1. May I ask you to say which residue of A:D223, A:D217 is open to solvent by 20 Å² or more (accessible area, probe 1.4 Å), free of Cβ contacts under 8 Å to residues at least 60 places away in the same chain and within 18 Å of the chain's Cα centre (by Cα)?
2. If you go through segment A:193-213 one residue at a time, do you hit one that is surrounded by fewer than 19 Cβ atoms within 10 Å (Cβ to Cβ) and within 14 Å of chain B (Cβ to nearest Cβ)?
3. Would you confirm, using the coordinates I've provided, whether B:D218 is out of contact with any helix residue (DSSP H, G or I) (no Cβ under 7 Å at 6 or more places or on another chain), surrounded by fewer than 17 Cβ atoms within 10 Å (Cβ to Cβ) and not in a loop (DSSP other than H, G, I, E, B)?
4. Among (1) assigned to a helix (DSSP H, G or I); (2) closer than 30 Å to B:S149 by Cα; (3) within 13 Å of chain B (Cβ to nearest Cβ), there is one condition A:A116 misses while meeting the rest; what is its number?
5. So which residues in segment B:77-94 are open to solvent by 30 Å² or more (accessible area, probe 1.4 Å) and modelled with pLDDT of 95 or more?
6. List the helices (runs of 4 or more DSSP H) that sit entirely inside segment B:284-360 and contain at least 3 residues that are under 20 Å from B:E216 (Cα atoms).
7. Under 8 Å between Cβ atoms, which residue pairs at least 6 apart in sequence (or on different chains) link something in segment B:374-385 that is open to solvent by less than 70 Å² (accessible area, probe 1.4 Å) with a partner that is at pLDDT 90 or above and not in a helix (DSSP H, G or I)?
8. Pick from segment B:165-175 the residues that are away from chain A (no Cβ under 11 Å) and more than 33 Å from the chain's Cα centre (by Cα): which of them is surrounded by the most Cβ atoms within 10 Å (Cβ to Cβ)?
Amino acid sequence: MFKIRSLWFILLFCYLAFASSDLSAQEKTGNKEGFELEPGSVRIALLEPSVRVGSQSTGGMFEPNADWTEQAKENLEAELARKQELLGNEIVRLSLDNVHQSRELVQYHALFGAVASSVIEYQFFPGNRLPTKKKSKAFEWSVGPDLADIEAVKGFDYVLLIRTKDAYGSTGRKLLQVAGFLGAVAGFGTAVQSGEHIGMAGLVDVKTGDLVWLNADLAMGGDVRKVEGAEKRVQQLLEGFPGSSDSED
Amino acid sequence: MWLKRFSVVLAALVAAPTVAAEPETLPPYVPAYEPTTVDERGLWSQADELELLYKRSEHLIDDEELNAFVRRILCSTVGNDRCDGVRIYILNIPAFNASMMPNGAMAIWSGLLLRLRSEANLASVLAHEFAHFELRHSLQGFKNRRSTSDLLAWTVVLGNAAVVDTRNSQISLVGSIFRFNRDMERQGDLLALKYLRQSPYPSRASSQVWQYLMEEADARAAGRKIRRKDRYRAGFFDTHPTSLDRADYLLEKSMEYGDIGNAEQSAYFEAIRPWLPKLLADQVRLNDFGGTEYLLGNIAGVTGWIPELVLARAELFASRGKPRDLITATTLYLDAIDKGHETSEVLRGLGLSLVKSGRRKEGAEYLERYLAQNPDAPDAAIIRMYVPNGDE
């Protein structure tokens, strides 16, 4: 009787174990077919990045941390500013406050996040492709054509959007992970994931709203709370950026 | 043996999280409070971001007079010093709700304004939300959810390792999160009552709010021909005590206080009257005949059948649109005109009701007048189809 009851747990943990091993097989970059960017040919607006940093409690809850978030924002912004010249095209940073139609811009930022999450779930993870995405591997995603109506992005060809969310595993979470692993010695082990590091960077065509390039990963590297870490994170976020000098390798 | 000890410890921990005892006097007031701990500062920074979304929301009603009115009620209830720390956002959502963020941003839904009958009712809702802020319930709830989910995680991992079935403990842990939330709501209710007792308003108005909601729910259930439900005991997943429970303990406590005051019924409707047509139009669109009839009748109990209410009732009947409803609607539209309320909504509704009842010629006359008043109305093209020679 008892064995049957715990079958539920075994199934759950098998699922968790498989789910995490599949992550490594996941794709991380998408490019709209035929999209190319000649260096020095376009103007790109970089929207103020959305940055959230906190820790992950033992039970897995996100605990927002104001200081870490401030620090990470500063680090990432500084690194982005430093990187701009290497990206091959003119890039202008747009702050989300104090611009006309900032409400709409904020909404587009969130919409981009939702679209990018869908890309991760339904395109980058081949086992989970939607029926319409199974046959053709074309990268066809969009935030809709109305982006061009926003005053602030007029005169730009593309918008670059960046979002990151980091939850650093607390000591309790790490201990739980070890205990879950050691549990297998006595009874059943439990797969516990510690920490969560989501990063997404995408380029959206202002005229059509199409997502022409996306780099997104649920397991990004680089500790954004530190200057060197932020450098690594920005490097990963902008890896293969269209038209940049390092996009070939 | 250690298994037994493990489950005893677990049982003790499961029972542990309860909200601190209800404060007997008003909590001490700290001007310009700033959060200091990592948790609270994190929550505030998150709330600051959310508040920006309120500010930029297309649902925000930024009418100065209405906002000043709601603010005046809050300040006269909790005191001018305390209300300084609060920003109020009135959101255009036709349902009963209000919420409070840890940083002092309060959201009031427009549907709430339609469901209250006096300044004192509004004061009790605002004081309840303020009590959440004053008692720092967001932080308490966050900490409770965190410690409980920590415990839940350990229960699962250790239970697996020891091959022990821990599902009962898991269920009680989950239940304790909701129970904790209900306790905080109750605490908010009772502190709000203390504010009301010190205010010019009678504290008994708090209990009324929940009575109104129950009556409306009954009317809605009757209109939809479904079973009505009154419960004293909250369910497992309920985040709030039941309306019946709240109406009951609030009445008991306010009778104990025995304070008196003017609930300011007429003043309340005078203040929200400019918004009444909009609030009523939104309500009529909810497709809740029974509930809306109840609301209209009760507002009329205070204000009398003012033209705005007559029009809303006409629209309610016209939207249900059974043959008999159209006769009622036509009568009510004509009543509204008699009361000097010949607005374009009345002309349009009256015209369409007549056309639908088969009196095309009379209907067309009113629709023509509607089009003359609003040649550029969004529905002008379709209305023109009912008017002879109107499609020139």
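1. Every option except A:D223 fails the conditions.
2. Yes - at least one qualifying residue is present in segment A:193-213.
3. The answer is yes for B:D218.
4. The single condition A:A116 does not satisfy is (3).
5. B:R87, B:N92, B:I93, B:P94
6. B:289-303, B:307-320
7. B:A380/B:N374; B:I383/B:A377
8. Restricting to residues being away from chain A (no Cβ under 11 Å) and more than 33 Å from the chain's Cα centre (by Cα), the top hit is B:S169.
The values are calculated or read from the model by the stated rules, or taken from the named source; none is laboratory data. Being a predicted model, the structure only gives us computed values, none of them experimental. Here the Cβ is made from the backbone with ideal geometry for all residues, glycine too, and neighbour counts use every protein chain on show. Calculation scope for accessible area: heavy atoms of the full protein, side chains included, ligands and nucleic acids excluded. Shrake-Rupley method; radii C 1.70, N 1.55, O 1.52, S 1.80 Å.
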